[in-house]
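Q: After the structure tokens below, expect a handful of questions from me.
Rule-based calculations on the coordinates, nothing more; no lab input. Computed from a predicted structure; not experimentally measured. Please note: Cβ atoms are built from the backbone with ideal geometry, for glycine as well, and neighbour counts cover all protein chains shown.
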Amino acid sequence: FSCCFCCMEVGVSIEDEIRAAKKIAKPSVDPDDWDKDGLADKIDLKKLHALGVARDNTERLRKHPVPNFRKRYVEEKRVAAMENAHGDLDTSRWMISSMEREFSCERFCLDDHHDATLRLGDFLKYMRSTRDSDPLMIFDCDFGEREGKDPSKACKGTLADYHVPLYFQGDSLFSVATYRPPWKWLIVAPKRSGTHLHEDPLGTCAWNTLIEGKKLWAILPSDTSRYDLGAEKDMSAPRWFMEIAPKVDKWEAKHRPLWIVQKPGETVFVPAGRWHVVLNLTDTVAITENFASEFHFDSVWNITCRKEPDFCCKWYQALLTKRPALAQRAEELSIKDESINKLLTAWRKQHTQHQRQLKDGTDYTSTTEEGKLEMLQQFDDKGDDDDGEHDNADSSDDSGYGLL
Ligand SMILES: O=C(O)CCC(=O)C(=O)O
Ligand SMILES: [Fe+2]
């Protein structure tokens, strides 16, 4: 049975599509083995819900506007959960039942991979029946941007009511660049799925608003580093909650996480650099955005330069024109690092040439491209992996943004 003509693509069954998506999402696990360890039968979501409710120790912000929000929470990196941060945002469009009516034939990306997609209707069938231990999620950074099969309804509709909470509007330093790494995601997640222990990429902060269902968050203290975490960060979220969460009360108080049982309409603010792990206690829908805050320019610059030099080049050139004081700061930060310094000089030269070309119309050809490649090479040779990530524990992609 197909709900419309466009769903009748010849020769590819839903099972094949799911298998292909699984191979991309977790290349090291056979797609037919995702339910092998029987975790679906062992994990007790009701018990974890009760544990979460008993431990939930995160401040709720109920009255808006919150005075000094930016200073107190963003700059000082405090976790918060806000009720009704979007004001009168109408979220009915993103409820599972209405998306099922409106976008059933549209494809969405799974687990943040552009080449692993499924029609929403097929995904919902998977969501409702899967016994996988750590199920696939719709984790889609293009929602609302793609043209759908039927442009009159298309995925564009998913953005129709979208807006950023007032607290975070205009905050992202990356938005000065014409191209910026993915920053917003629609997440449709089966119960038991989750996001493994990670810190967000490129020194960014995040907000995450739950539309439907319940999520359980554990957010580790700000001084936790990846070196404290060991095997924990390679665990799937359901495994972390099953094996680690019940023992956390025995940890020294200073190492214990903040807990949140997030309810519909609540927005969780995750400050830059905070390790967190999230479990979907029920089927859920959420929207989330990451942003690079001016308060954290130094660390954002240092990480972005190392992890995403191609983007950083464009970003720095945009800063030179639009935020010269920050470009200057970037130069100060890079002075001690010879390879970054060289890169900056090349980028500045390229920028000056480009500006000159724009001004007097002379023919612009990039003479710095070769030099840039050579320097990127030096960069790669330095190698490091101490940045946050958005991809799954098992993903082989460590670009920090997965999709770049
Ligand atoms: O699963 C979730 O809702 C949390 C997502 C998250 O932490 C992230 O996208 O960085
Ligand atoms: Fe995150």
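Q: What would the Debye formula give as log10 I(q)/I(0) at q = 0.09, 0.12, 0.15, 0.16 Å⁻¹ for the alpha-carbon point model of the stretch 29-292, no solvent?
A: The Debye formula, applied to the Cα set alone, gives -0.40, -0.73, -1.17, -1.34.
Q: Give the shape of the stretch 52-145 as rounded, prolate or oblate, defined through the alpha-carbon gyration tensor: a ≥ b ≥ c are the square roots of its eigenvalues, a/c under 1.5 means rounded, and otherwise the shape is prolate if a/b is larger than b/c and oblate if not. Walk me through the numbers on the way to the answer.
A: Values: a/c = 2.19, a/b = 1.87, b/c = 1.17.
It is prolate, given that a/c is not under 1.5 and a/b is the larger ratio.
Q: Determine, for 345, 352, 224, the number of other Cβ atoms within 10 Å of each Cβ, and report the residues in order from fewest to most. Please report the intermediate quantities before stating the final value.
A: Numbers: 345 15, 352 12, 224 18.
Ascending number of Cβ neighbours within 10 Å: 352, 345, 224.
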